[in-house]
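Please treat every number below as a calculation from the coordinates, not as lab data. What you see is a predicted model; the values in this text were computed from it and never measured. Counting neighbours? That spans all protein chains shown, and the Cβs are built from the backbone with ideal geometry, glycine included.
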Amino acid sequence: MTWDLTALQNAADPQAPLAERNLWLVRLLEWLRHAPRGEAAPGTPRPLVRLKHLLNMLERHPDHAWAFANVIGGVWNDVDAVSLFAEVGFAPRMALWHEFLGRLRRRLLPGTTDTRDLADLFELLFGSETDEDWIAAIDDELLARLGLLFAATPDDGWRVEARAAITVLISSVHAAGLAGPLRVRMDEQLVQDKPFHQLPTAWEAVERALAGGDAAALVPATHYLRALLDRCRAAALTVPEHLEAHGVSVDLMFSVEQLTARLDRIEALLACLLSPEPQRELLRLVAGLVRVVHERRSLRTLFARHYSLLARKVAERSAETGEHYITRNRAEYRDMLWRAAGGGAVIAGTTFLKFLIALLGFTAFWGGFWAGVNYALSFVVIHLLHWTVATKQPAMTAPAMAHKLANVGRDDGLEGFVDEVAHLTRSQAAGILGNLALVAPVVLAVQGLCWLAFGAPLVGEKDALYVLHSLSLGGPSLLFAAFTGVLLFAASLIAGWVENWFVFHRLDSAIAWNPRIVDTLGHARAQRWSRWWRANISGLAANISLGLMLGLVPALGGFFGLGLEVRHVTLATGQLAAAVGALGFGVMGTWAFWSCVLCIAGIGVLNVGVSFFCAFRVALRSRGIRLADRRRVYAAIRTRLRREPLSFLLPPR
């Protein structure tokens, strides 16, 4: 239904039920927002043009002005305004996922005007994000004329509600500041004089002075309250610093944000109560409430804001690990080759176990589960032996590379970043070369020994033909390789999250100092175990999660009709070597074999590239880095390729 001004005049009934009066207010705001473009002067918000038109009409027709003012005044008297000042913008519980569900409900379920809660009605009244702009654009003349619409509203009615709202907000801040999870993480020097304890008493002094009109007592009481509010805010803002050092909790970050937002709301309400021109301060408050209402509808903003610190910590922990995978001299390069060769030898065994699991004929889920266990155990063995699998490196090295981008604005910083690109490319090439250089010979050797000992290879002709078919360049293997790169990246996220959880809950300290564990292991061994778990928890989480995902995700995808498979460059090379061992070296002269070779090269590029790209983007976003001059970076890399192409493959002398 389209409402015009005449319809609004006719529907303005102060005796109507509250739901109808609330609906009338919503229609009035809709009419203001939907002014035709021709009505507005250039640079003037269209709602203001219609608001002036409305006031002109009401000034000429006192009977209509009486009806409008009494509808608005009646609504104000019948609703709970404390909720507007004290609850809009705040979650009822200090839990991020509870807030997520609340936002999702507000997005999906319609609201109702049959309510006495002004906070709920406010969301219906100001349903457009542009409302904040035109409210803030109201000038002093128009603000004075607006008194016509609020003639039936008690002059000081809002003051009573504002004082009650501050009491509610003070209680919430007092409780949150004294809650253990926040209190123990605040700076001790800032809370030693107990600012949160003193807030209720300080506010009571201000409220008594306001109620009694005691100007002499109001000034010092207000100064003291505002000093306490500043002290509480400073203490609360030390919690993120503690989390940076001792592990991140998104719920605690959400609690800190809610606490500081409540402190800001208290300051805004105090400004309204103490200002000589409260109408202007109230207008600012309403504009701010409109902004908050729309911010609370955004699910993306909620997670972007509160998971950014966790993403940064995950990226930083990955960067610390990733530094170990970047070789910068010949000694480190040779070490990488040896460690990658060791990883390739273990993957050779993984390849044969993969064929064995397929031969046992498990159902899809259990086949995927045992394949995942096979991968996970192999990766854990490689980790414990301090060897490496090349495709696990990009997700770890990308955050380290992103960190270097912070200084590319300077010439020396740009040159240093290009050096890191060369180091990383060289290290990745060494890792893949070391993996493939041993996995293929070991698999071929085992196949040959089985021929000599049993007259048949360990992997038969049927499986070999399937390998040639599945790794064909014309098949979907390259798409599966990109999907595997996403799993490699996801494993790095899981590793960072698990390490953050381990550090946040101080499990290393628990292993070292828990009385029962110390009694069982002894003091010295408990200390060693604590250090070992702290150093290896990330690697174990990455390897176990990656292995299980490589096995289980395709099986679970099959349940939903998604024909997903994994393509890992080292495993694929081992499978192709097993196929050669079964079919004979003559197969190397066929296109089917070389199609698989080209496909494996593409698998390697996609495993590495997709994993690196995903981790790099997350690292950039979590650090807030904006690469403004991409051309300079690309040009510097091209220049290095022309001048020193071998620096991307071989270490300097």
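Here is how the numbers come out for the structure above:
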read-out: Estimated FRET transfer efficiency when R0 is 35 angstrom, pair L108-R284 (beta carbons, to 0.05); value: 0.65
read-out: Packing rank of 7-18, 236-247, where each peptide gets the mean count of other beta carbons within 10 Å, highest leading; value: 236-247, 7-18
read-out: Computed FRET value (nearest 0.05) for D412 with L507, which takes r as the C-beta separation and R₀ as 56 Å; value: 0.85
read-out: The chain, relative contact order [Cα under 8 Å, separation at least 6], %; value: 15
read-out: Normalised contact order of the range 5-306, rounded percent, pairs of Cα under 8 Å and 6 or more residues apart; value: 23
read-out: Degrees, to the nearest 10: 523-559 long Cα axis against longest axis of the chain; value: 90
read-out: On Cα atoms only, tilt of 461-470 relative to the major axis of the chain in degrees; value: 40
read-out: Whole-Å distance, taken between Cα centres, linking the range 180-205 and the range 102-119; value: 34
read-out: Degrees separating the helix 393-404 axis from the principal Cα axis of the chain, which is the longest one; value: 50
read-out: Which of C272, H423, P92, positive extreme of dipole for the chain (C-beta unit charges); value: H423
read-out: From the coordinates shown, semi-axes √(5λ) of the Cα gyration tensor in Å corresponds to which of (i) 44, 27, 26; (ii) 51, 28, 24; (iii) 64, 30, 24; value: (iii)
read-out: Hz values of 3J(HN,Hα) by residue in the range 224-231 - Karplus curve (6.51, -1.76, 1.60), Gly and Pro given as x; value: 5, 4, 5, 5, 5, 4, 5, 5
read-out: Cut-off under 5 Å, modelled amide H: who pairs with D117 long-range; value: D80
read-out: The range 311-648 - charge dipole about Cα centre, Lys and Arg +1 at Cβ, Asp and Glu -1, debye rounded to 20; value: 860
read-out: Label point distance in nm, R330-E20, each placed 7 Å from Cα along Cα→Cβ; value: 9.4
read-out: Cβ charges +1 (Lys, Arg) and -1 (Asp, Glu), total dipole of the chain, debye; value: 2780
read-out: Alpha carbon centroid spacing (whole Å) that separates the range 447-468 from the range 338-383; value: 18
read-out: Charged-residue dipole, Cβ positions (Lys, Arg, Asp, Glu), the range 134-198 about Cα centre, Debye nearest 20; value: 380
